[in-house]
Amino acid sequence: MIEFFLAIAVFLTAHVLPAATGLRARAISRFGRGPYIAAYSLVSLVCLAWVIAAALTAPSVEVWPPSRAAALVPFIAMLPASILLAGAVAQPSPLSVTFRGGLPDPGRTGLVGRLRHPILWAFFLCSASNLVANGDLVGVVLFGSLALFSLVGMKRMEGRARSRLSAQDYALAEALTSGGPAARFAGLAKGRALVEVLSGLLLYVALLHLHGPVIGVAPQTWLS
């Protein structure tokens, strides 16, 4: 259990410390945004892998009993999360975490391009739904921390983007991802949206089948 809490602490520190101390800005200024993002992503993946490995070996302390109804929650939530994550690979999100730089083209954006924080919403859906399904102490701490981190990160990323982007670029990105559903999805590129949905479905099926071999628990068993 000590290793698990240490891994969680290192993971959260690695995501808060660079921006809080100015290390992120200095590294980007010296090495460039692309190399920094690549190195930062690698460190994040290593820390996340350590958290998962520590969680799998930590002792189980039940907080609430597992149930079929609770296990169905991630089955449902992981589908939109997969669509968001798959679509975010090809769509820039200048106000949030993104795999691509630049500004979205208002005339060619799909579903993901009209959302301000697609990757963070994907992580929130994944974390919150798995929190419900995993009623042990490790699951509550792990998924609760990740869900809270995703929500807090949305405001932090917007503040970071405001200092990085020009006023005109920030206003353009903000306008594209603001308003109600009708205004936000007006002029949606239906072809791109369809590609995002199909890519998300493929990712969903892959995650479903890899969950057992990688995590050690096959979600499909709860459906029988």
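Observations
- Over segment 64-199, accessible surface divided per residue gives 47 Å², non-protein components excluded, 1.4 Å probe.
- Pairwise label distance in nanometres, Ile215 with Ala175, each label 7 Å out on the Cα-Cβ vector: 4.2 nm
- When the chymotrypsin sites (Phe, Trp or Tyr not before Pro) in segment 95-135 are filtered for DSSP coil states and for at most 15 other beta-carbon atoms within 10 Å of their beta-carbon, the remaining sites are Phe99.
- Among Ile76, Ile8, the order of accessible area from largest down is Ile76, Ile8, computed with a 1.4 Å probe on protein heavy atoms.
- In degrees, nearest ten, helix 167-176 long axis to first principal axis of the chain (Cα): 60 degrees
- Computed from Cα atoms, the angle from the helix 137-164 axis to the main principal axis of the chain rounds to 10 degrees.
- In order through segment 10-24: 3J(HN,Hα) via Karplus (6.51 cos²θ - 1.76 cosθ + 1.60), integer Hz, x for Gly, Pro: 5, 4, 5, 5, 5, 9, 9, 4, x, 6, 5, 9, x, 5, 4
- Both radii come from the Cα set of the chain: Rg as radius of gyration, Rh as Kirkwood radius; their ratio Rg/Rh reads 0.98.
- Hz values of 3J(HN,Hα) by residue in segment 90-96 - Karplus curve (6.51, -1.76, 1.60), Gly and Pro given as x: 9, 10, x, 10, x, 9, 8
- For segment 54-63, putting each phi into the Karplus relation 6.51 cos²θ - 1.76 cosθ + 1.60 with θ = phi - 60° gives couplings of 5, 5, 5, 9, 6, x, 8, 10, 6, 9 Hz, in residue order, rounded to whole numbers and with x for Gly and Pro.
The values are calculated or read from the model by the stated rules, or taken from the named source; none is laboratory data. These numbers come from a predicted model, not from an experiment. Glycine gets a Cβ as well: all are built from the backbone with ideal geometry, and neighbour counts include every protein chain shown. When the accessible area is computed, the model is the full protein with side chains, heavy atoms only, and any ligands, DNA or RNA have been set aside. Shrake-Rupley method; radii C 1.70, N 1.55, O 1.52, S 1.80 Å.
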